[in-house]
Amino acid sequence: MRKTAITLIPLALASLALANTYEIEEIPLPKEMSPELSGVAFTPSGKLVVVNRHGEVWITADAKSGPWRRFAFGLHEPLGVLALSEEEILVTQRPELTRLRDTNGDGRADHYETVNDDWCVTDNWHEFTFGLRLDRDGEFILSTGLPDVAGEINTRFPRVPLHMEKVHQEAKPSPGRYEGWVMKVSRDGRMTPLASGFRAAAGVGVSPDGDIFVTDQQGDYIATSTLVHVRPGRFYGHAASLKWRDDYRGPVDLEMLTQLRTPEAVALPHGTMGGSPGEPVWDTTGGKFGPFAGQVFIGDFTKLISRVFLEKVAGEYQGACFPFIRDAVGLAAIQANSGADNLTIPAGKDGLKYFRDVPPRTGTPLRPGNMRMAFAPDGSLYVAQTTRGWGQGDGLQRIVWTKKTPVEIAKMEVTRDGFRLTFTTAMEAAQLRDAKTYRLGRFRFLYLPKGSPRVDETLAEITGIRVAADHRSVELAVRDLQPGHIYELELEHLRSVGGGLVENPQAFYTLTRLLDGRTFTGPMSEPRIIAEQKANGVPDPEAGRRIYGTFCVICHQPDGKGGALPGTADTPATLVAANFTLRDAGSPLSKPDIELLKIITDGAPGKPMPPFGSVLKPDEIRDVLAYLRAAFGETNHSSSIQR
Amino acid sequence: MSRAWTHAVPWLPILGMQWLTCLCMTNAAEPQVFRTFMPEAGPSAFGVVLGPDLALCYDDLRGGVNQVWLGSLDLTPTFQAKINQPATIKGTVFYKEGKVQPLRVNDATKAPERRFKGYRYDKNAVIFHYTLDGVAIRETLRASDEGHGMMRSWSVPEGVALFFHAETQPDAHVTFDGGEEIAPGVWRHVGQSGKSFMMVIKPRSKS
């Protein structure tokens, strides 16, 4: 049932206009190459290097027409590559960091040198080794996946080499050393563990200033995926890795962990901002990739590439994330590939509703599996894709800026009393001044062993709007600005002076610190606002609005008018969805609740209205109906509900 | 070497195909090393294809050649699985080792700390590099001339005594060269420039 609901959606996508500010090009791969690409890099002279799940390294001087040369093969699931030259390429394999050298000049590696393997792996499938970047001292930075789940920290195998007899257990907890760590390895092969507390830091990056960052993936202890600034000696959340710290002295409780933990720089709220982030890459193209120079791009396992703006506040990084390219079927991909359970870490079935709010830029040919990326010398972004057997989407795509300025929020900065938004272009002044343009809310994630749903979720009141003279930026004064919260901003129909809608009108600012350095002092592991029990059955149109934004807007449109795909001479127009704003007899909202609830639950037989009974809970279906009535019904009081 | 065998190998990611891919890119006579999940081996062991009909599993964690067989190596299960699946041995195993750390340096009774250092392709051989208690060892593996057997030789620094604890092999003829048997099944070789310690392993079925 769910499958039908999801596969129907793309049919309707063509009705949404697509701003062609970036183009996604397919890079053809030779048929001998497995397309499950797990790493991409450029040599100093600009040759393209990729690695794949089958363990091969391929090189080409010309991505578009080849030819490709297989430089190496037989590596164990390499997930990172760094090309120091065409003859010297480094890869992270599952068990080690390897230097590949072509010593006889025949274009193929003949020496596979172990640079370091001081961590170790078992047969546990989660023991990936990620990343490969040089830090500012020219040392290699990598990270290790952690098989352990929440629970008592296991010290049965501390600080000893692997036991033969233990390694075959699907070892949770694992005897592998330094799992859940970020470490560095010197050129001559000495390993230094840097920081702990990671669950699966699948993306390793180094900023142009030499700061080390990783993305970590939501799950136990990590309520949502994150972009973390890695500082030596710090701990970032997942307890199991602590046993490899020299100062570890036995069991720790949540309170001690809370004291020890450094928060992320930027949270990537689970759902809207993806499910499993990959490598962060910095736009160092100096404008060749558009107006985001210096910002961070992060690919995701879903059909999403996000963008992060970082700023230093009271000495630490924090900032905002935005969707950059996001396709509607990202949700479907997550559902299909991770199964209901995975998605529900940490948010329970409610996790679904976080894929929501802003219609994604649909119809992009972006594939899922966007785990590794690299900027080419020409300023285009190469995206190496693999879903590693969990979905369909393997290959290599290239994102090219068309030189048309995208209408986007370029930056979201914290100010003394709120936020400053800077756009990529001048915006409609009247809209900038209008409070109705902005929807601002805030929420938190808790620090708990088993993850956390969004809590303390409230609207944030905008008390003042100051528009800059050039109409490119606006300052929003916010009542009761609270550190320790993620502020979620949505822009309603904001247009540029040139008439273009903001392409991705959504941002999440991780407000760990206020400008004066104040941080959150409340409980990290308990909500402050106790969620109202919905047992009394009062439907919540606000919750319904989010559900609508996730599941219905694609067909029924933001204005509820539905519509049809235009027909051609040969094909009749196709009904996309019902128009909720009609008022005549027989119009959708003239029908009684019981009938509409049934249609939303079971679908409209023979029509493209999918059944949502397996996706939404009954009270969620009542919520979304309440929203339909509030927003599009006889008395349109949607704005009073929103504010 | 005849290339007729290429037609006999199944074509999908069974190594026949890897081998075929190589035919167009490399000299087919060269061995190929695949680091992967191997059956009955430590994690991240090596599947080594030495020739068209000869392959072996090399397990650095245990300490050497785990199995040698007449046949090929199938990586399809590993490449297609979401959760780790070992590769499949396709063929008849004729040599097996199970002793943990059968190689010793200077003291035949002490299991050494073994650290893996990498490998190198050299003509028709693959050379594994590792240290035993810090002593650098090179172990060269190649197919014997007729293609059914395997030659395995070690080179150790001058003056270092290398011990090997051999196991009984019902399905293979095993001969040693360059060392002496100091106790039943225990071989000793002392490093000397220009000399190596060699072991030849041949399937009884082919003799």
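The values are calculated or read from the model by the stated rules, or taken from the named source; none is laboratory data. Here the structure is a predicted model, which means the values were calculated and not measured. Here Cβ is always computed from backbone atoms with ideal geometry, including for glycine, and neighbour counts include all displayed protein chains.
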Report task. Give just the number: which of (1) among the small types (Gly, Ala, Ser); (2) over 13 Å from the mean Cα position of the chain (by Cα); (3) surrounded by 15 or more Cβ atoms within 10 Å (Cβ to Cβ) does A:GLY274 not satisfy? Result -> (2)
**Report entry** Matching strands (runs of 3 or more DSSP E) fully within the stretch B:93-134 where at least 1 residues are within 23 Å of A:VAL115 (Cβ to Cβ) and either within 13 Å of chain A (Cβ to nearest Cβ) or out of contact with any Ser or Thr (no Cβ under 9 Å at 6 or more places or on another chain) (or both)
**Finding:** B:114-122, B:125-132
Requested in this report: Assess whether A:ASP394 counts as being within 14 Å of chain B (Cβ to nearest Cβ) and not aliphatic (A, V, I, L, M).
Outcome: yes
Query raised in the report: What's the number of the condition A:PRO44 fails, among (1) in a loop (DSSP other than H, G, I, E, B); (2) modelled with pLDDT of 95 or more; (3) under 26 Å from the mean Cα position of the chain (by Cα)?
Result: (3)
Query raised in the report: Are any residues in the stretch A:437-474 more than 21 Å from A:THR510 (Cβ to Cβ) and in contact with a Ser or Thr (Cβ under 7 Å, 6 or more places away or on another chain), and if so, which ones?
Result: A:ARG472
Query - For A:ILE305: the one exception among (1) in a loop (DSSP other than H, G, I, E, B); (2) at pLDDT below 95; (3) closer than 21 Å to A:ARG367 by Cβ; (4) out of contact with any helix residue (DSSP H, G or I) (no Cβ under 8 Å at 6 or more places or on another chain) - result: (1)
Requested in this report: Name, by its number, the condition in (1) modelled with pLDDT of 80 or more; (2) facing chain B (nearest Cβ under 9 Å) that does not hold for A:ASN116.
Outcome: (2)
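Only one of A:GLY567, A:GLY549, A:GLY544, A:GLY498 is over 29 Å from the mean Cα position of the chain (by Cα) and at pLDDT below 90. Can you tell me which?
So the residue among A:GLY567, A:GLY549, A:GLY544, A:GLY498 that is over 29 Å from the mean Cα position of the chain (by Cα) and at pLDDT below 90 is A:GLY567.
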Query raised in the report: Within the bounds of the stretch B:154-166, is there any residue that is over 16 Å from B:ASP107 (Cα atoms) and crowded, with 17+ Cβ neighbours inside 10 Å?
Result: yes
Requested in this report: Scan (1) within 29 Å of the chain's Cα centre (by Cα); (2) within 11 Å of chain B (Cβ to nearest Cβ); (3) within 18 Å of A:GLY131 (Cα to Cα) for the single condition A:THR92 breaks and write down its number.
Outcome: (2)
Query raised in the report: When you scan the stretch A:436-465, how many residues do you find that are in contact with a helix residue (DSSP H, G or I) (Cβ under 9 Å, 6 or more places away or on another chain) and β-branched (Val, Ile, Thr)?
Result: 3
Report summary line: Per the list (1) surrounded by fewer than 23 Cβ atoms within 10 Å (Cβ to Cβ); (2) more than 25 Å from A:GLY369 (Cα to Cα), residue check on A:ALA240 breaks on (1)
Requested in this report: Select from the stretch B:55-91 the residues that are buried (at least 22 other Cβ atoms within 10 Å of the Cβ) and in a helix (DSSP H, G or I) and list them in ascending order.
Outcome: B:THR78
Report task. Just need a number here: residues in the stretch A:395-421 that are surrounded by fewer than 15 Cβ atoms within 10 Å (Cβ to Cβ) and part of a strand (DSSP E or B). Result -> 0
Query raised in the report: Is there any pair with a first residue in the stretch B:176-201 that is of a type in the set (Ser, Thr, Tyr) and a second that is assigned to a strand (DSSP E or B) whose Cβ atoms are under 7 Å apart and which are 6 or more apart or on different chains, and what are they?
Result: B:SER196/B:SER153; B:SER196/B:TRP154; B:SER196/B:SER155
Query raised in the report: Looking at (1) over 22 Å from A:THR386 (Cα atoms); (2) among the acidic types (Asp, Glu); (3) part of a loop (DSSP other than H, G, I, E, B), which is the one condition that is false for A:GLU77?
Result: (1)
Query raised in the report: How about the stretch A:105-129: which of its residues are closer than 20 Å to A:GLU279 by Cα and touching a Gly at 6+ places or on another chain (Cβ under 6 Å)?
Result: A:HIS126, A:GLU127, A:PHE128
Report task. Please specify each residue of the stretch B:106-131 satisfying the condition of being touching a Gly at 6+ places or on another chain (Cβ under 9 Å) and of a type outside the set (Ser, Thr, Tyr). Result -> B:ALA111, B:PRO112, B:GLU113, B:ARG114, B:ARG115, B:ASN124, B:PHE128, B:HIS129
Report task. Please tell me if A:ASP106 is surrounded by fewer than 22 Cβ atoms within 10 Å (Cβ to Cβ) and either more than 10 Å from every other protein chain (Cβ to nearest Cβ) or touching a Phe, Trp or Tyr at 6+ places or on another chain (Cβ under 6 Å) (or both). Result -> no
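Please count how many residues of the stretch A:487-521 are out of contact with any strand residue (DSSP E or B) (no Cβ under 9 Å at 6 or more places or on another chain) and within 29 Å of A:GLU316 (Cα to Cα).
Summing the residues that are out of contact with any strand residue (DSSP E or B) (no Cβ under 9 Å at 6 or more places or on another chain) and within 29 Å of A:GLU316 (Cα to Cα) in the stretch A:487-521 gives 4.
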Report summary line: Taking the stretch A:466-490 and keeping only residues that are touching a helix residue (DSSP H, G or I) at 6+ places or on another chain (Cβ under 6 Å) and in a strand (DSSP E or B), one is left with A:VAL467, A:VAL474
